[in-house]
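Following: one structure in structure tokens, then a few remarks.
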Amino acid sequence: MAISTINRMILWFDEAFRALSVDVAMVEVEQMAMLVHHSMDSKTRAFHTTRHVFGIGEGMKPLQVLAAIFHDVVYYQLDEGFPARLAPILDGVTRTEDGVLILQEIATQDKATDLCADIFGFCPGQVLPLHCGMNEFLSAVAAARLLQPHLTGAHLIAVVACIEATVPFRAINGQGRTAAQALAQRVQARATKYQSELSLCAQEMAQFVKTVVTDAVTLANRDVAGFTEADPGRCLSNTWLLIEESNAPLAAVGVYSLQEYRGALLRMDVFLRNLNPVLICQSYDGFPDADTLVEMGAIASRNIAFSCDFLGAKLTSIAIVEALALSTGTDCPIAMFLGDIASAYGRPDRVEDFLPEPPSEQPTNRQLLEVLQTGRTLESVNDLTASKLTAFVYRSIGDEGTRQTLLQAKRMFDGSLSPHAFLKSLNRDLVGSIIRACARIALSRSEALLSLERSL
């Protein structure tokens, strides 16, 4: 039986508390579940939603489940601040100064925020690092403040440590420690600081730190498991949701422009090409073991390469359409040249409806071509999952042709090559086919497009 997202969230909270032998009134369970649901399932989010929480928390230990529930509850830049229902929970934690968040002085009685600052290694007065722990820290503070009345000090340390470990893609620090090793050191320091409360002997303390950090690493690796999917198409689907989520203009379906769409693709392409696969998965004290870690890194590397190839093909085809738009007028809504994604009046005409069969099929990556033709695994509300125009271009010019065309396209993007010159550098039959198809959709540019074809 399928239940609603909010009811599933309520059950997860309740089951975690029961597994910890903690008695929490159902009214409080509901309030926490509704707060998380409201914060994460907003219209601005596409990837960091409760679906992501359920994906990584399934089958984990109760403290890991609680950490999974809260770990992305704050996404400050995406949500344009704190979600309305969460803002009172985070009152007094930060102040805004020159567009950044600064950690305020921590009141003596505010043990939850003090715990989070110790585990994250943050100090009052510092700027919270936007891409290195700010959202995770604030999520941890929300979790600690809400859970503090119900959990022990040891439990809270474990939950906060799990959330800290989800800060992604961190290199070895200046002291030669991995992120997990640095976390272990801070967990040890915090546990020692409150030794009387935890009542752990030296041997128990060592085991406590090892368990906490190993569990944290397990959750963190689940959080980025999309990169280590056996099917590169699933990794690509997650990547696409991140593109949509981090590019607000794409939420305006049918309105976002060719250049806004291309810019979103290009930013993700740059990010992925600069991402070191070695930094994706974490380990601590031999877990996961060296062989498993190497295998995970190899899969991540392959999946990143596949996603980059997909983005490269998409950028190549959209560059051609952008060049057509700029050569016949100005940038415009992508739907003006390619057609609407959906329509209340029936299936809309789309550019692929008017494309011929490719004049020739060059050597291609068959798996990439299949994804382009049949669609990504996860549905998107802002874009078609299948990319028929891109498949047409990719089949026509192949792998090598796509790489060479992309190099020329990037010259057009940076202004060193005019749109007209870019189009003239391409196969005339290919460009002509796309022009004639676009002329059937972009009715106001039809005459200009056909005139452009004659000039190439």
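The values are calculated or read from the model by the stated rules, or taken from the named source; none is laboratory data. The model shown is predicted, which means the values in this text are computed figures rather than measured ones. All Cβ positions, even for glycine, are placed from backbone atoms using ideal geometry, and neighbour counts span all protein chains on display.
Observations on the structure shown:
- Listed here are the helices (runs of 4 or more DSSP H) enclosed by the stretch 52-166 that have at least 1 residues being modelled with pLDDT of 95 or more and β-branched (Val, Ile, Thr): 62-70, 111-120, 134-147, 153-165.
- If you go through the stretch 432-456 and keep only what is crowded, with 21+ Cβ neighbours inside 10 Å and free of Cβ contacts under 8 Å to residues at least 12 places away in the same chain, you end up with just Ala439.
- Residue within the stretch 192-208 that is of a type in the set (Ser, Thr, Tyr) and within 28 Å of Met40 (Cβ to Cβ) present: no
- Hey, Glu361 in contact with a helix residue (DSSP H, G or I) (Cβ under 7 Å, 6 or more places away or on another chain), modelled with pLDDT under 90, under 19 Å from Ile434 (Cβ atoms) and surrounded by fewer than 16 Cβ atoms within 10 Å (Cβ to Cβ) or not: yes
- Test: residue in the stretch 61-73 that is surrounded by 23 or more Cβ atoms within 10 Å (Cβ to Cβ), touching a residue at least 12 places away in the same chain (Cβ under 8 Å) and of a type in the set (Phe, Trp, Tyr): yes
- Count of residues meeting criterion [surrounded by 19 or more Cβ atoms within 10 Å (Cβ to Cβ) and of a type in the set (Ser, Thr, Tyr)] in the stretch 382-431: 6
- Test: residue in the stretch 380-390 that is within 16 Å of Cys438 (Cα to Cα), modelled with pLDDT of 90 or more, in contact with an Asp or Glu (Cβ under 8 Å, 6 or more places away or on another chain) and of a type in the set (A, V, I, L, M, F, W, C): yes
- Only one entry in Leu183, Leu147, Leu151, Leu156 is without any contact (Cβ under 8 Å) to a residue 60 or more places away in the chain and buried (at least 18 other Cβ atoms within 10 Å of the Cβ), namely Leu156.
- Residue under evaluation Leu78, criteria (1) under 27 Å from the mean Cα position of the chain (by Cα); (2) crowded, with 16+ Cβ neighbours inside 10 Å; (3) closer than 27 Å to Gln207 by Cβ; (4) not hydroxyl-bearing (Ser, Thr, Tyr), criterion not met: (3)
- Pairs with Cβ under 8 Å, 6+ apart, first in the stretch 1-30 and outside any helix (DSSP H, G or I), second of a type in the set (D, E, K, R) and surrounded by 10 or more Cβ atoms within 10 Å (Cβ to Cβ): Val24/Asp14
- Yes/no for Phe47 being in a loop (DSSP other than H, G, I, E, B), of a type in the set (Phe, Trp, Tyr) and surrounded by fewer than 23 Cβ atoms within 10 Å (Cβ to Cβ): yes
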